[in-house]
Every structure is written in structure tokens, then in C-alpha cells.
1. In the stretch 1-98, which trypsin sites (Lys or Arg not before Pro) fall in coil by DSSP and have 16 or fewer other Cβ atoms within 10 Å?
2. T425: net charge of surrounding residues, Cβ under 12 Å, Lys/Arg +1, Asp/Glu -1, itself excluded?
3. Return V448, V534, V643, V437 ranked ascending by Cβ neighbour count within 10 Å, so the fewest neighbours appear first.
4. Might you report the magnitude of the Cβ-based charge dipole of the stretch 110-274 about its Cα centre, with Lys and Arg at +1 and Asp and Glu at -1, to the nearest 20 debye?
5. What do you get for Rg/Rh of the stretch 549-611 when both radii come from the Cα atoms and Rh is the Kirkwood radius?
6. Considering the alpha-carbon set of the stretch 39-111 alone, what are its Rg and its Dmax in angstrom?
7. Volume per residue, Å³, of the convex hull around the alpha-carbon atoms of the stretch 522-667?
8. Considering only Cα-Cα distances, which of the following residue pairs are longer than 28 Å: K25/K536; K53/K82; K184/K400; K363/K536; K25/K384?
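Nothing in this text is a laboratory measurement; each read-out follows from the coordinates by a stated rule. Since this is a predicted model, take the numbers as computed values, not measurements. Ideal geometry is used to build each Cβ from the backbone, glycine not excepted, and the neighbour counts take in all protein chains shown.
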Amino acid sequence: MQDGNGLDHLAGERAMAQFDLQAMKVYLAGGQREYEISTKMAQLVANDPVFSKEDRVRLARKDLYKNSLRKAGHAWKTILEKGLSEVEGLKLRHFVDEPTYTDLHWGMFIPAIKGQGTEEQQHKWLPLAYKMAIIGCYAQTELGHGSNVQGLETTATFDPTTDEFIMHSPTVTSTKWWPGGLGKASTHALVYARLITDKKDHGIHAFIAPIRSLEDHTPLPNVTVGDIGVKFGNGGYNTMDNGFLRFDHVRIPRENMLMRLATVTKDGKYVRSNKPRQLGYGAMVFVRQGIVIDASIYLSRAVTIAVRYSAVRRQFGNKDEPGELQVIQYRTQQSRLFPLLATAYAYRAVGFWMKSLYADVMKRLNDNDFSTLPEVHACTAGLKSITTSVTADGIEECRKLCGGHGFLCASGLPELYAAYVPACTYEGDNTILLLQVARFLLKTLSQVSKVRPVGTAAYLGNIKQLSTQNCKVSQGHDWLNTSVLLEAFEARSARQAAAVALRLAKGSGSEAEFQENTPELVESARAHCQLILVSKFIEQLQTGTPEGIRKQLEVLCYTYAFSQLIDNAGDFLATGYVTGNQIALAKEELKHMFDKIRPNAVALVDAFDHTDDYLGSALGRYDGDVYTHLYKGAFKESLNDTVVVDGYEEYLKPVLTQNLWAPHSKL
Ligand SMILES: CCCCCCCC(=O)SCCNC(=O)CCNC(=O)[C@H](O)C(C)(C)COP(=O)(O)OP(=O)(O)OC[C@H]1O[C@@H](n2cnc3c(N)ncnc32)[C@H](O)[C@@H]1OP(=O)(O)O
Ligand SMILES: Cc1cc2nc3c(=O)[nH]c(=O)nc-3n(C[C@H](O)[C@H](O)[C@H](O)COP(=O)(O)OP(=O)(O)OC[C@H]3O[C@@H](n4cnc5c(N)ncnc54)[C@H](O)[C@@H]3O)c2cc1C
């Protein structure tokens with residue numbers, strides 16, 4: 001069978017690369033050790049048939065879920081048998097590549113206990129959780145409230161006579177709804193509920209509630225629990241048992257309230273610690289920074305598929321060259337694809353920075369220094385919002401970039417999208433999170449004359465200068481200066497924030513006026529986050545990137561910054577900082593960048609080092625042998641199990657034969 005020359009095309013593409021591929025792989029992995037662990041774990045998963053992704057999109061929900069339990073169990077067994085470290089275990093689960101209950105157990109249940117439990121409580125619960133003798137989920141959201149955490153209705157009423165809390169779901173809307181792992185797998189839930197002592201409501205606190213028997217996994221008395229139902233897409237997030245949970249006056253010991261931030265004594269006295277209540281949101285900060293890192297991985301998967309396929313796929317031609325052109329040669333394809341490639345690199349760089357940001361805030365919190373928490377909250381919330389929205393849209397764009405074949409599940413893209421898109425909603429709806437950033441910006445601006453802004457908000461300290469000086473670019477190459485670019489993003493963000501702050505300051509300060517201005521507030525938050533992304537990419541580039549890859553990273557960094565500038569040209573122009581002519585010059589520079597990316601495009605996606613197993617895509621195969629595998633794949637379709645389709649006798653044949661004597665037939 002002909003393979004459509006796919007193999008040859010990709011070999012030729014790889015030969016054109018102008019950088020040190022291995023050095024880029026190590027850079028993207030985050031270092032030599034991380035690279036080695038990643039490679040080892042990816043191979044371990046790819047070579048183990050239990051982890052096969054084959055047929056995932058065709059399985060009915062029950063089989064899909066059981067299969068995902070099998071994989072999660074096998075992953076845990078592998079981790080124990082091979083004595084893998086925590087980091088290796090995390091990577092192994094990453095390459096298994098299925099949303100499952102262990103994500104919440106390791107990703108939210110354990111971090112929340114660490115953040116909100118006293119030392120004594122950590123000693124009690126963490127060893128059980130680490131050896132998975134209990135399985136935990138994070139039960140915050142309810143049917144009636146998700147974003148508005150203060151509106152949650154589940155109650156935890158203290159009974160001093162028995163030294164217990166009575167957990168209760170008083171209304172339908174108080175039913176816990178959505179927590180991953182809750183539906184079928186968890187034995188324990190970290191429940192967010194209103195704490196009530198002596199008829200007084202102290203607001204939302206966290207409690208560990210056992211929900212299933214450790215003997216036979218049945219729900220405990222007066223606990224109603226189950227799965228909420230099938231979700232968007234085939235496969236995708238349906239491997240996860242998002243669940244519902246109701247309590248009917250269920251008693252748990254007083255010690256099950258996580259008491260690092262507030263305590264209830266044996267005699268029912270409520271005592272708040274002097275730590276800020278925002279620490280109760282700590283698990284969300286942790287998960288949000290991880291989501292930013294994941295965004296880069298998901299986007300890089302989609303981009304790998306689209307770039308490789310665009311190099312294999314040929315359509316039309318021109319008089320000057322023999323044969324048909326690879327679609328990657330078309331400027332329109334490049335202008336949709338290369339900015340996404342650059343974005344995946346940008347998010348990787350920003351992900352590295354976020355790790356250090358998080359490590360720094362954790363160290364400070366341990367030393368009772370809470371000063372940077374608002375900024376870290378704004379950063380993690382805002383970047384979670386921007387990166388997930390762009391990544392979800394980017395995966396869909398990559399699907400379109402692959403033409404008709406992108407719509408087939410064999411491309412890997414529909415399932416990738418279905419698994420990824422809820423990231424725009426979970427861990428904070430993306431608009432809600434941008435409004436948090438906007439509130440932070442308003443607060444920072446209101447205090448700017450007294451408190452010098454720090455970190456990612458430091459530029460607001462120069463608000464006067466940024467508001468008066470305009471862009472000095474007069475020729476295209478003037479844009480090829482990172483300080484010029486940075487100033488453009490700073491000025492645009494500072495001016496947008498100042499404009500909306502001024503409008504609000506002129507008003508009465510009512511919540512209604514705030515609401516009226518939320519579209520502008522969201523735009524201003526987005527501008528601030530785009531500035532962070534551009535500035536951190538530049539910063540990472542300037543601090544210790546190896547020589548053999550720096551030039552490529554520079555090109556990607558300019559590509560990212562220029563495409564952001566152009567996509568948001570309306571905002572930049574409206575602030576008056578740049579002119580239409582300056583935007584046009586940036587457009588020209590962007591085209592030069594595309595020319596520089598073009599010979600390196602396939603190698604730049606190879607550098608992400610995604611195995612064929614992990615990509616799960618006939619279009620994105622490393623060898624480029626697309627057509628053979630699409631064709632072979634069709635024979636795995638269950639409709640083709642029989643030559644004559646099941647249902648022919650009952651439903652097709654009558655239609656075909658009735659036509660013979662249909663009264664209106666003229667034939
Ligand atoms: C492992 C991967 C799988 C992921 C699975 C997904 C799991 C989940 O989805 S779990 C559920 C996640 N749920 C959410 O994210 C809900 C989103 N909502 C929220 O975060 C909050 O309710 C929120 C911030 C919108 C509103 O909070 P609320 O306390 O009502 O009001 P607000 O006045 O805005 O905030 C109070 C203060 O806390 C601060 N704050 C809010 N959140 C945080 C935070 N995470 N960290 C630090 N500070 C915070 C605010 O800045 C504000 O500070 P200040 O008083 O100085 O201005
Ligand atoms: C796949 C998935 C997994 C999840 N896993 C978990 C989990 O493990 N544990 C858990 O506790 N929860 C989980 N969740 C729940 C998730 O965290 C919430 O759905 C999310 O926080 C959004 O809240 P909501 O559903 O209440 O949306 P809503 O707040 O009802 O949002 C609906 C719309 O209203 C808008 N809106 C709401 N309030 C405002 C406002 N003040 N201003 C402007 N616009 C507003 C929003 O932008 C959105 O467009 C999960 C959700 C999903 C989809």
C-alpha cells in the first residue's frame with residue numbers, strides 16, 4: 001500500500017532543523033533529570049498493554065470507567081512494585097493520560113490536608129492517604145453554588161454533648177455535585193460546609209467525612225452518593241466519576257474538622273487563628289499553578305499533531321514548483337499554526353516560573369509571611385484563566401487545521417478537546433477568575449501612592465510614565481527589542497486598568513457600578529495576564545537558556561509577543577500607546593518570524609518529545625505515515641465488524657424494497 005510519501009516528508013523536514021534538538025528536549029522537560037524521568041515513564045506506559053488507549057472512544061460508559069479503574073489500579077501497583085519515587089509516580093500517571101480519581105486524591109485531597117490540617121491532623125491522615133489506604137476527593141461545589149463558595153449550604157453543626165459534627169444537606173441545592181472521584185471511588189470526602197456552633201454560622205470550613213465503608217465500599221449510613229452522569233464527548237472526561245453526595249445528619253468526630261485556620265474546642269468555642277482566611281483557598285492556588293503547566297502540555301500535543309500533519313498533507317500546487325504543496329507552506333496555515341506553536345513554548349516557560357513562584361509563597365507562608373499571597377492568587381487565577389481558554393480554543397483550531405481528518409477520533413484531537421475543555425470551568429470559571437485579577441488591579445492602583453507594587457504588578461508603580469509616553473517604533477526592526485515590546489504590553493495594561501479604575505472612582509463605589517464595568521474589568525485583567533506571559537517568556541529566555549537553542553526560543557518569543565500584539569490590536573490602539581502604522585510594522589515582523597520557524601517547525605514539535613502512544617493520533621505520528629494508519633484504523637470500527645451492517649434486515653432492506661411499489665414513484 002502507498003503511504004502517501006509521509007515518511008519521506010518528515011525525514012526531509014527534520015533534516016532542515018537549525019538547532020540542537022536534544023538540548024531543546026532537555027530544556028522543555030525542565031532539566032536533564034526531569035528529561036530522563038519523563039522518557040523512562042513514557043516508555044514504561046507505552047510498553048504496557050494494560051495502559052493501551054485503543055478503543056477508548058468506542059467504549060460504553062460502564063466499560064470505560066471500569067477500564068480506567070483497572071489502569072489506575074495497575075499504575076499504583078507498578079509504582080509500588082518498581083519502587084518509583086513520588087515524582088516518577090506522578091509522571092507515570094501523567095502518561096497513562098486519563099482523568100481519574102487519583103488526580104483528585106493526589107492533586108487536591110492531600111494538598112488541602114497539608115494546607116489546612118494541623119500537624120496532628122496531617123500525621124493522622126497523610127500516611128493513610130499516601131499509601132492509598134483511603135481514597136479522598138475534594139467536595140466543595142454543590143448543585144446550587146460553585147463559583148460563590150460563600151453561598152455553599154451544607155452544614156456542619158457541632159454537638160458538644162457527643163463531641164461530634166453533624167453533617168447535613170438541608171436542600172436539594174446543597175447536594176455536593178461535580179467532585180471528581182466522589183461518584184464511585186472515594187472512601188473519604190474533604191467537604192466544605194458551613195460551620196455552626198451554638199446556632200452561630202461561622203462560614204465555610206473544611207471537614208474530612210468518611211463516606212464509604214473500608215470493608216465493602218458501600219455508602220455509610222445516611223450518606224447518599226453516586227455519579228452525576230455522562231459528560232461532553234466520547235471518552236474525554238468520562239473516565240472520571242464526578243459525583244453527587246448528600247448527608248442526612250451524619251455524625252463525624254470533632255477532630256475531622258481541619259483546624260489550622262480555626263478551631264472548635266470540646267466545649268464548642270470557636271477560635272480563629274490570626275492567619276488570613278484566604279489560606280483556606282490554598283488548595284486552589286496549588287492546583288491552578290499546576291493547570292498552567294498542563295496547558296502547555298495539552299497545547300503542545302495538539303500543535304504536534306497539526307504541525308506534523310501539515311507537513312505531510314499536500315493540496316494544490318503552483319507553476320513554480322513540481323507536485324502539490326505541503327499545506328504547511330501556505331501563509332494562512334502558518335499564521336494560524338505557528339502562533340500556537342509559540343504559545344505552547346511560552347506557556348512552558350511561564351510554567352517553570354510558576355513553580356518557583358509557588359515554592360516561594362509556600363516558604364513565606366510557613367514563615368507566617370502572607371504579604372505576597374494576594375499577588376500569587378491574582379497570578380495563578382489569571383494565568384489559569386488565560387492559558388486554559390487559549391489552549392481549549394487552540395486544540396479546536398488545530399482540529400480545523402487538519403481539515404476533514406481532524407474531525408475523526410483517529411486524529412486524537414476530538415478526545416483531547418473533550419478531556420481538556422472543562423479546564424475552562426473547573427478550578428474556577430475563567431471569567432470569575434479574571435474578575436479576581438481585576439479586583440487585585442483596582443486595589444493595587446488605589447494604593448499605588450502609598451504602597452509600591454511588587455512582583456508582576458511592579459509596573460503599575462510607573463503608571464504616570466506609562467500613561468504619558470507613547471511607542472517610539474518607526475521601523476519594523478525597532479520591534480525586535482524586548483524592552484520595547486515589554487513597554488508596549490505594560491503601557492497597554494496600565495492604561496486599560498487606569499481607565500476603568502478612573503471610571504469607577506468617579507462613581508459612588510456601589511456594587512452595581514462595579515457590575516456595569518465588568519466587561520472592561522475583564523479586558524483589563526486579560527491585558528495584565530498577557531503582559532505577565534510575555535514578560536516571563538522573555539525573562540526565562542534571558543536567564544540561562546543554552547546557546548544551541550537560544551535563537552529558536554528568541555524567534556518563538558517574538559512570534560508569541562507579536563501575535564498577541566496583533567490579536568489585541570484594538571485594545572492597544574484604543575489606549576493610544578501605538579499607532580496603526582506601528583501595528584502594521586509588527587505584522588511584517590511576524591511574517592519574518594514565520595519564515596524562520598518554517599524550516600524548524602517539525603523539529604520544534606519533536607522537541608516536546610511526545611511518544612506516538614501518548615499522542616494517540618494517526619495524523620501526528622512521528623513517522624508521518626498518516627494515510628496507511630487512517631485506512632487501517634477504519635477496519636477497527638465496530639460498524640465494519642460485519643460486511644453487511646447489523647440492522648440491514650429490519651431497517652434498510654424494507655426501505656430499499658418498499659421503493660419498488662411506492663405509489664408516488666414515477667419510475
Ligand atoms: C487535579 C486537577 C483536576 C481539577 C479538578 C477541579 C477541582 C475543582 O473544580 S474544585 C472547586 C474549585 N472551585 C472554585 O475554584 C470556585 C471559584 N470561586 C472562588 O475561588 C472564590 O469563591 C472567589 C474567589 C470567586 C470568591 O471568594 P469570596 O471569599 O466569596 O470573595 P472575595 O471577596 O472575592 O475574596 C475574599 C478575599 O480572598 C482573596 N482570595 C480569593 N481566592 C483566593 C485564593 N485562592 N488565594 C488567596 N486569596 C484568595 C480575594 O482576593 C479577597 O481578598 P481581599 O479581601 O484582600 O480583596
Ligand atoms: C469536569 C469538572 C470537574 C470538576 N471537579 C470538581 C471537584 O473535584 N470538586 C469540586 O468541588 N468542584 C468541581 N467542579 C466544579 C467546578 O469547580 C465549578 O463548576 C466551577 O467552579 C464553576 O462554578 P459553577 O458551576 O457554579 O458556575 P457558575 O458560577 O454557575 O457559572 C455560570 C456562568 O455564570 C457566570 N457568572 C457567575 N457568577 C458571576 C459573577 N459574579 N460575575 C459575572 N459572571 C458570573 C460565569 O462566568 C459562567 O459564565 C468540577 C467541574 C467540572 C466541569
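1. Here the trypsin sites (Lys or Arg not before Pro) that fit, given the DSSP loop and packing criteria, are K82.
2. Net local charge, T425 excluded: 0.
3. If I rank by nearby Cβ atoms, fewest first, I get V643, V448, V534, V437.
4. Once rounded to the nearest 20, the dipole reads 320 debye.
5. The Rg/Rh ratio comes out at 1.10.
6. In order Rg, Dmax, the Cα atoms of the stretch 39-111 give 12.3, 35 Å.
7. Per residue, the Cα convex hull of the stretch 522-667 comes to 308 Å³.
8. Over 28 Å Cα-Cα: K184/K400.
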